[in-house]
Structure formats: structure tokens, C-alpha cells
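Shown next, in C-alpha cells, is the structure this report addresses.
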Amino acid sequence: IVLVISAGFSFKTITRNTDWENNFTLFSKDVIASAGSSRTHYNYGTELMFKKAFAENDSIKKNRILDEVISELETAAKIDSIDPGTYLNLSTAYYQRKNYLKAIEKALLAVKYNPNDGKAFTTLGNSYYRTGKFGLAIEYLKKSIERGFGEQEAYNTIGVSYFGLKDYKNA
């Protein structure tokens with residue numbers, strides 16, 4: 001009995017070895033093998049975004065990949081609705097797709113579940129800037145700086161936001 005069980009698990013281990021080629025390959029197989037796991041969808045969506053979408057120069061292909069990223073991360077959020085990392089990456093993907101209202105929505109959830117995440121505040125500030133809400137952009141970018149994140153970019157966008165408010169002295 002032990003031999004039969006060991007042989008079965010040995011076969012499964014051998015067939016699974018090809019999945020370990022790299023993180024992308026592993027996570028793409030895990031999504032199929034563990035479809036009900038928020039972590040597998042999060043890992044695959046994140047890997048897809050950072051390794052494929054951000055590396056793609058063709059905007060049409062990049063947007064298709066980002067749509068898949070969003071789908072994977074939305075699935076992860078449905079399974080685990082309080083994971084701040086999922087919402088942070090969703091906000092980044094929506095921002096990259098230029099859907100700033102959705103980026104704001106997801107970044108607010110990231111901040112709700114992790115109020116110390118400077119990157120979420122940066123995404124909020126940049127998204128509010130893109131929607132013309134300069135006062136909110138300044139507010140959230142200052143919070144990002146307080147948390148030690150993205151200072152150079154944040155200061156630049158704060159200055160441009162003050163300019164948008166016609167507050168030239170602060171700009």
C-alpha cells in the first residue's frame with residue numbers, strides 16, 4: 001500500500017517539475033490547479049503585470065495583458081476581500097489602463113486594509129491628479145511622502161497640482 005501511494009505521489013512530483021521553470025510558469029499552472037485560491041490568482045496577476053505587461057512596448061498588447069491582470073486580481077479580491085496587496089496591484093493595473101476612477105477605488109481599499117502603504121497613497125495622489133482633483137492629489141501625495149515613498153515623483157506632482165489650483169507660490 002505504501003509503495004502504491006509513494007509511486008502515485010512520485011509521479012505527481014515528476015509531472016509537476018516542469019511547472020517550476022520560473023515563477024510565471026508556476027503561477028500560471030497554479031491558477032488552474034488551485035482555482036479557488038486567492039493567493040494563486042494574486043501571484044499570477046502580479047507576475048503577469050510586472051514581467052509581461054510592464055515589459056510590453058506595444059500598447060494594444062500591453063492593454064490586453066493588463067486586462068488579464070485585472071481579471072486575475074479581481075478574482076483574488078472576490079476570494080479574499082481584505083488583502084491590501086491585491087487592491088494595491090489592482091489600483092496599479094487600473095492606473096496603467098488609464099481607468100483612474102477604478103484606480104482610486106482600489107487604492108482606497110488598499111489604504112483601508114494597510115494605512116501605512118506609501119505606494120497606495122502615491123497611486124491615489126496620481127489618480128486624483130489625473131482626474132483634476134488637485135487638492136486631493138496634494139493631500140494623498142503628502143501622505144505618501146510621510147511614509148517615505150516616491151518622494152521625487154510625489155513632489156513633482158504636488159507642484160503641478162498646486163499650479164493647477166493656480167497657487168503659484170506653493171507650486
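Looking at the stretch 31-133, which chymotrypsin sites (Phe, Trp or Tyr not before Pro) are in a loop (DSSP not H, G, I, E or B) and have at most 14 other Cβ atoms within 10 Å?
Working: sites: TYR42, TYR44, PHE50, PHE54, TYR87, TYR94, TYR95, TYR100, TYR113, PHE121, TYR128, TYR129; in loops: PHE54.
Of the chymotrypsin sites (Phe, Trp or Tyr not before Pro), the ones in loops of the stretch 31-133 whose Cβ has at most 14 other Cβ atoms within 10 Å are PHE54.
Helix 151-164 sits at what angle to the longest principal axis of the chain, using alpha carbons and giving 0 to 90 degrees rounded to 10?
Taking the Cα atoms of the chain, the angle to 151-164 is about 40 degrees.
What value, in deg cm²/dmol to 500, does the helix sum -39500 (n - 2.57) over DSSP H runs of n ≥ 4 give at 222 nm once divided by the residues of the chain?
Calculated from helices alone, the mean residue ellipticity at 222 nm is -23500 deg cm²/dmol.
Near LYS61, which lysines are there with a Cα under 18 Å away, not counting those fewer than 8 places off in the same chain?
LYS51, LYS52, LYS98
Of the candidates LEU124, LEU66, LEU90, which one comes out as most mobile in a Gaussian network treatment of the chain with C-alpha springs shorter than 10 Å?
LEU66
Which angle between 0 and 90 degrees, to the nearest 10, do you get for helix 23-33 versus the longest principal axis of the chain when only C-alpha atoms count?
70
Find the accessible area per residue for the chain; the probe is 1.4 Å, ligands and nucleic acids are left out, and the unit is Å². Can you show the working numbers first?
On the way: 9900 Å² over 171 residues.
Here the per-residue accessible area is 58 Å².
Hey, got the dipole for the chain? About the Cα centre, +1 on K and R Cβ, -1 on D and E Cβ, debye to the nearest 20? Provide the component values of the computation, followed by the final result.
Working: 23 positive and 19 negative charges, 72 e Å.
The calculated dipole for the chain is roughly 340 debye.
Give me the distance in nm between label points sitting 7 Å out from Cα along the Cα-to-Cβ direction at ARG130 and VAL4, one decimal.
Calculated label separation equals 5.8 nm.
In 5 Å bins starting at 0, how do the alpha-carbon pair distances of the stretch 64-171 split up by percent?
The calculated distribution, bin by bin, is 3, 15, 22, 22, 17, 11, 6, 2, 1, 0.
Relative to the longest principal axis of the C-alpha atoms of the chain, give the angle of the C-alpha long axis of helix 38-47, reported between 0 and 90° and rounded to the nearest 10°.
For helix 38-47, the angle is close to 70 degrees.
Within the chain, what whole-number % of the accessible surface is contributed by carbon and sulfur, with the 1.4 Å probe and all protein chains included in the calculation? Intermediate values should be presented prior to the final figure.
Numbers: 5400 of 9900 Å².
That share works out to 55 percent.
The values are calculated or read from the model by the stated rules, or taken from the named source; none is laboratory data. Quantities reported herein were computed from a predicted structural model and do not represent experimental measurements. As a convention, Cβ positions derive from the backbone with ideal geometry for all residues, glycine included, and neighbour counts pool all protein chains shown. For the accessible areas, the whole protein counts, side chains as well, though only heavy atoms, and no ligand, DNA or RNA atoms are used. Shrake-Rupley method; radii C 1.70, N 1.55, O 1.52, S 1.80 Å.
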